[in-house]
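Peer 1: Here you go, one structure.
FYI, it's all coordinate maths here, none of it is from the lab. Not measured: the values here are computed from a predicted model. Cβ: placed from backbone, ideal geometry, glycine included. Neighbour counts: every protein chain shown.
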């Protein structure tokens, strides 16, 4: 469920018009050759993760870990979000 929400958020908020959330592979890289996000998307994604999940990404090292894939982003949020854990 969290992964589906993340995929929908990426497509909607980052205006990935030609991408269907169902086509995003959970372990596919979000940046570069994978989904194709860039550094501007990373900045926006930091804001979106805090807005939607109440999870702060404090620095580039955390960002690299969190933004590796949908799987890694979901795990990062689950580890750090009491809001998401309470909603489950």
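Peer 1: Working from the alpha-carbon coordinates of the chain, get Rg over Rh, Rh being the Kirkwood radius.
Peer 2: 0.92
Peer 1: Tell me the angle of helix 70-80 to the major Cα principal axis of the chain, expressed in degrees between 0 and 90 and rounded to the nearest ten.
Peer 2: The helix 70-80 is inclined about 20 degrees to the chain.
Peer 1: On C-alpha positions alone, give me the angle between the axis of helix 2-13 and the longest principal axis of the chain, in degrees, nearest 10.
Peer 2: Once rounded, the angle reads 50 degrees.
Peer 1: Next up: In degrees, nearest 10, range 0 to 90: what is the angle between the Cα axis of helix 39-53 and the longest Cα principal axis of the chain?
Peer 2: Roughly 40 degrees between the two axes.
Peer 1: Separate question: Need one number: nm distance between label points at residue 47 and residue 79, each 7 Å from Cα along Cα→Cβ, rounded to one decimal.
Peer 2: With each label point 7 Å from Cα toward Cβ, the separation is 2.6 nm.
Peer 1: Taking the number of other C-beta atoms within 10 Å as the exposure measure, put 80, 64 in order starting with the fewest.
Peer 2: So the residues, fewest neighbours to most, are 64, 80.
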